[in-house]
1. Residue by residue through region 1-37, note down the ones that are within 8 Å of the ligand (Cβ to nearest atom) and of a type in the set (Phe, Trp, Tyr).
2. What about ASN40, is it surrounded by 14 or more Cβ atoms within 10 Å (Cβ to Cβ), within 16 Å of the ligand (Cβ to nearest atom), without any contact (Cβ under 8 Å) to a residue 40 or more places away in the chain and assigned to a helix (DSSP H, G or I)?
Amino acid sequence: MTKKCIYCKSEIHDDRSLDVCNRCGTGVWGEKMFNAILQNMENAKDKGDLCNSNLSLSEPPSKVGNSRISFM
Ligand SMILES: [Zn+2]
């Protein structure tokens with residue numbers, strides 16, 4: 001299924017989790033913020049908890065504790 005940018009309706013050909021193209025994303029959030037959001041979505045996809053993350057960029061303290069345990 002082809003995804004479309006929610007702002008300009010142009011098609012998005014990569015498999016990002018965000019329905020926003022680079023041009024609009026940069027225009028809306030700024031380049032730095034947009035990259036951070038994309039990165040955050042990628043990380044969430046890798047962990048398989050995309051439904052929980054919901055665009056929030058701040059990690060809850062409990063998650064930090066968990067990752068430290070699994071790291072050890
Ligand atoms: Zn767009």
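Laboratory data are not the source of any read-out in this text; all were calculated from the coordinates shown. Quantities reported herein were computed from a predicted structural model and do not represent experimental measurements. Reconstructed Cβ throughout: ideal geometry from the backbone, glycine too, with neighbour counts over all protein chains shown.
1. TYR7
2. Details: surrounded by 14 or more Cβ atoms within 10 Å (Cβ to Cβ): yes; within 16 Å of the ligand (Cβ to nearest atom): no; without any contact (Cβ under 8 Å) to a residue 40 or more places away in the chain: yes; assigned to a helix (DSSP H, G or I): yes.
Judged against the criteria, ASN40 is not a match.
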